[in-house]
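S.K.: The structure is given below, and queries will be raised subsequently.
Laboratory data are not the source of any read-out in this text; all were calculated from the coordinates shown. Since we're looking at a predicted model, the values are computed, not measured.
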Amino acid sequence: MKTVTIRRLEGFTLIELLVVVLIIGILASVALPQYEKAVEKSRAAGAYQLIKSINDAQKIANLEKGTTGQVYPFEELSVSFTDIYQYPATGYSFEGKDYRFILDQTNALTAQEPAGAWNFGGFPSYYLSINNGRRACGIIGDPNNEKNIAMCKSLAGNNTVSRSMCVSGEKCFME
C-alpha cells in the first residue's frame, strides 16, 4: 500500500491576519492623540522661546536708547527675526510657521495660534504671551474647551488670572 502525505500550505490564516490588524488599530488609536499633544506642546514651546528672544531684544533696545517700557518695531531690534517666507520681520507683527507674533503697545508680546487661521478666516484658539515678564496663556473663543485649557495650564501654569490681566481672551492662566 502506498502512503500519501498531504502538506498544508504554509502561511497565515485570515483570522490571524485580522487579529494582527485589530491589535495595530488599537495601538494606533491610543498612540495618535498622545503624539498630537506632544507635537502641539513642542510647537508652543518653540513659540515661547521665540517670544523670550524678542522680549530680550526689546529690553536690549530699551537699554541702548535709554528708555523704559518702549516697544520698538522688529527692524529697530539688534536681532533679526524672519517670517514664514524667510523675509526679515518689520513693523509690529510677523507671521511665523506656526504662530503670528505681535508686539503690543501695552508691553505684552503675544503669539497667536495657528498662523493659518488668520489667512483663511478662522479664529485662533489660544495665545501665548509674556506680560510684565511673566508667561501667560489665554483662551480665545470657547473658554471651556478642555484641550485649550489643558494646553494653557501645561505651558503657563495652573494660576487662573482675571480678565484684566489678559492681553485678550476669555480665560487666562499665568505662571
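S.K.: Check which residues have an amide H placed less than 5 Å from LYS171's amide H, if you skip close sequence neighbours.
M.R.: ILE139
S.K.: For TYR72, list long-range residues whose amide hydrogen, built 1.01 Å from N in the peptide plane, is under 5 Å from its own amide hydrogen.
M.R.: So TYR72 has HN proximity to no qualifying residue.
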